[in-house]
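Input: a single structure, listed below in structure tokens.
The values are calculated or read from the model by the stated rules, or taken from the named source; none is laboratory data. All figures in this text were calculated on a predicted structure; none of them were measured in a lab. Counting neighbours? That spans all protein chains shown, and the Cβs are built from the backbone with ideal geometry, glycine included. Calculation scope for accessible area: heavy atoms of the full protein, side chains included, ligands and nucleic acids excluded. Shrake-Rupley method; radii C 1.70, N 1.55, O 1.52, S 1.80 Å.
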Amino acid sequence: VAFGDSLVSGVGATAGNDLVSVLSRMMGEEIINLGVPGDTTATALARIDDVLAREPRLVIILLGGNDFLRRVPNSETFSNLSLIINNLQDNGAAVLILGVRGGLLSDVQERNFRSLASDTGSAYVPDVLRGLFGDSRYMYDSIHPNDAGYSLVAERVYPALRGLAR
């Protein structure tokens, strides 16, 4: 299961070229896309039962960008993420966290994502959109990748995902 916001749902991609579809093809197995545009960690936490009902063995989490854009305090964002991850792990799922950059000049979230991954024993891929912002070859708009951008993100995520799926 892929669980997250518009980056998971595939805003900016043409049909079948979103991150989850590309990863599904790379893995050779279906990944259920539970991305909801605009999702914050709080709204994602409120729909965790939908993920748990599918009894996933592995969950890719990409959340936090909308919290940053809405100026949700870091403590709240990472508390919600911790609750989400603990719920998933308590139900037998391995977790892969995909980090999103917080800030234009420096990544104020990197340390928090790294600590979250360490504290929960989750796999982690940092700053999955690194180098894409501002590059029209990879971006649909100022926030969402296009097909080429999602393909690049999938290449970054695939090694960690493959390692967990073994």
> Pick from 15, 2, 53, 46: which is among the aliphatic types (A, V, I, L, M), without any contact (Cβ under 8 Å) to a residue 24 or more places away in the chain and closer than 26 Å to residue 137 by Cβ?
Replying inline: 15
> Tell me, which residue of region 112-126 that is modelled with pLDDT of 95 or more and in a loop (DSSP other than H, G, I, E, B) is nearest to residue 22 (Cα to Cα)?
Replying inline: 122
>> From the list 140, 150, exactly one residue is aromatic (Phe, Trp, Tyr), under 27 Å from residue 15 (Cβ atoms) and open to solvent by 60 Å² or more (accessible area, probe 1.4 Å). Which is it?
In response: 140
> For region 130-166, which residues satisfy the criterion of being touching a Gly at 6+ places or on another chain (Cβ under 9 Å) and touching a residue at least 40 places away in the same chain (Cβ under 8 Å)?
Replying inline: 139, 140, 141, 143, 144, 145, 146, 147, 149, 150
> Residues in region 106-114: is at least one open to solvent by less than 40 Å² (accessible area, probe 1.4 Å) and of a type in the set (A, V, I, L, M)?
Replying inline: no
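Kindly establish whether residue 70 is in contact (Cβ under 8 Å) with a residue 24 or more places away in the chain, open to solvent by 20 Å² or more (accessible area, probe 1.4 Å) and among the basic types (Lys, Arg).
Answer is yes for this residue.
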>> Only one of 88, 83, 129, 96 is of a type outside the set (Gly, Ala, Ser), under 21 Å from residue 36 (Cα atoms), open to solvent by less than 60 Å² (accessible area, probe 1.4 Å) and in a helix (DSSP H, G or I). Can you tell me which?
In response: 88
